[in-house]
Amino acid sequence: MTIAICPGSFDPITNGHLDIIIRASKLFDKLIIGVYKTPDKPLLFTTEERAELVRQSVTSLPNVEVRIFSGLTVAFAKEVNAQTIVRGLRMSADFEREFDLAMMNKKLSPDIELICLMSDLKYQFLSSSLLKEAARLGGDVTNLVPKHVAKALRKKVGSQM
Ligand code: ADP
């Protein structure tokens, strides 16, 4: 059985993430989304909230599972018997960081492979951080995230005003 993980902060999940998840789910028997508990960046949603928003986004994908993890990504991959890590790659923003991460992961765990899927053209400039900024400034983000995420964003941003 081919198992892959798709790790990330998902603060919150966007249509760009979802596009990568849907495409990756067709390449493996099982895809496990790993919601990283303690990313080194300011978070808007709690870990449980981030995981729940991802869960609600993938209910129509039977071979996709959502888990929370902390520690090394390669250790999480091993724990769930995954052979592959899937990441999304946007045109300019991601390459250097993903390359560094891939080299480090390869050193730590040479048997785990990394696959990067190219971001769809319409999501090239979509990031969770820009999305949060737009939402905070009252922008309409309905085309950028699933409906339940837009609702959660409005509520969260409203409660912080
Ligand atoms: P991390 O903090 O690990 O970068 P993110 O939630 O920001 O977590 O991203 C998780 C993965 O999704 C990364 O591989 C990232 O490059 C990818 N990603 C983020 N936004 C997009 C997008 N708009 N299109 C494609 N991939 C994306």
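Here are a few things to note about the model shown:
- Dipole axis of the range 3-158 (+1 Lys, Arg; -1 Asp, Glu on Cβ), positive-most option in P42, G139, P7: G139
- Along the chain, the longest continuous region that contains none of the trypsin sites (Lys or Arg not before Pro) in a DSSP loop with at most 16 other C-beta atoms within 10 Å is 38-161.
- Isotropic mean projected area of the C-alpha convex hull, the range 1-55 (nm²): 3.8
- Across the accessible surface of the chain, with the other protein chains kept in place and a 1.4 Å probe, carbon and sulfur atoms take up 57 percent.
- With 0.36 nm allotted per residue and the present C-alpha distance subtracted, the Q124-R154 stretch has 8.5 nm of extension available.
- For the range 98-154: rounded, prolate or oblate by the Cα gyration tensor [a/c cutoff 1.5]: prolate
- Applying 0.36 nm per residue to the separation of E98 and E113 and subtracting their alpha-carbon distance, the gain on full extension is 4.1 nm.
- Entry comment: accessible area of the chain is 57 Å² per residue, from protein heavy atoms only and a probe of 1.4 Å.
- The share of alpha-carbon pairs in the chain lying farther apart than 21 Å comes to 45%.
- The ratio of the alpha-carbon radius of gyration of the range 77-128 to the globular-protein estimate 2.2 N^0.38 Å is 1.25.
The values are calculated or read from the model by the stated rules, or taken from the named source; none is laboratory data. Keep in mind it's a predicted model, so treat the numbers as computed, not measured. Using ideal geometry, Cβ is built from the backbone for each residue, glycine included, and neighbour counts are taken over all protein chains shown. Quick note on the areas: whole protein, heavy atoms, side chains included, nothing else; ligands and nucleic acids left out. Shrake-Rupley method; radii C 1.70, N 1.55, O 1.52, S 1.80 Å.
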